[in-house]
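Encoded as structure tokens, the structure appears first; notes follow it.
The values are calculated or read from the model by the stated rules, or taken from the named source; none is laboratory data. Not measured: the values here are computed from a predicted model. Positions of Cβ are backbone-derived with ideal geometry, glycine not excepted, and every protein chain shown enters the neighbour counts. Quick note on the areas: whole protein, heavy atoms, side chains included, nothing else; ligands and nucleic acids left out. Shrake-Rupley method; radii C 1.70, N 1.55, O 1.52, S 1.80 Å.
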Amino acid sequence: MEPIAYVGIDIQFTRLTDEDRERGLVFLYLYDLPSVDLTAYAGIIITNHVEEQFLLEHKKILDEYLLHGGVIFSLTEISLPWLANVANWKRSPIPLKDREIMIEQSNCSLFKGIEPYDINYRKGVRGFFSRGYFEKVPAHAEVLITDQSGVPILYVDRHSTNGTIFAGAGTDIYKVFINEENTSKKLSMQMLDCIREEANRNYASGGMGE
């Protein structure tokens, strides 16, 4: 199974379980990024527990990884331009209790078989998916999640680089729903599957996205 790096700086919030490791996740301490060969990973998940200034200073590392067909799944509330063509995160003016997350029709399998209710509510409480959105997305990006006002919350971009960028507005969709007893429980595994599928597609086409 191709390993996927899970990047963060806070061990408490980014600690991996035995189940995570069995799925091929490997914890990558953010500050080790300059000394690691990222091509060893099918993809890298960048959590919200990172230092954006450090990522900006080492942007070339991420750019090089994408140039060779890598897959980056950002879960960060981005405020600095360290990831290619990803706009800054904006906080939604809609209160969490009133905000409705919408799954858009897509060819991407990330949310396949997942009921919208199950990512809107946890134990009857709404507001766990995301507090924010992106003001804009790249021209050819595929938007996967919006709210009732139509703003993009999560999208996939296969055209800005030779690799693939999944950009989410600040929610760790791998960990938030992993222990739920409904359709959202599948999201963590489908996330890893999507990363590996994108990596295989990119590498099969010589590192160039379709």
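For this structure, a couple of remarks:
- The range 120-210, relative contact order in percent, only Cα pairs under 8 angstrom and at least six apart counted: 22 percent
- Rounded to 5, percent antiparallel among DSSP beta bridges of the chain: 50 percent
- Taking each residue as 0.36 nm, the span from N200 to D63 lengthens on full extension beyond its C-alpha to C-alpha distance by 47.5 nm.
- Estimated FRET transfer efficiency when R0 is 35 angstrom, pair S106-D10 (beta carbons, to 0.05): 0.65
- The chain - mean residue ellipticity at 222 nm from DSSP helices (-39,500 (n - 2.57) per run, n ≥ 4, rounded to 500): -6000 deg cm²/dmol
- Pairs of lysines in the chain whose Cα atoms sit within less than 20 Å of one another amount to 10, provided the residues are eight or more positions apart or on different chains.
- Top positive-direction residue, dipole computed over the chain with Cβ charges, set Y121, L16, I153: Y121
- In the complete set of protein chains, residue-level accessible area for H159 is approximately 100 Å², probe 1.4 angstrom.
- For D10, solvent-accessible area (1.4 Å; no DNA, RNA or ligand), Å²: 50 Å²
- The portion of the accessible surface of the range 1-82 made up by carbon and sulfur, rounded to a whole percent, is 53 (1.4 Å probe; DNA, RNA and ligands excluded).
- Column: log10 I(q)/I(0), Debye, Cα scatterers of the chain, q = 0.13, 0.16 Å⁻¹: -0.68, -1.08
- Per residue Cα convex hull volume in Å³ - calculated over the range 119-210: 94 Å³
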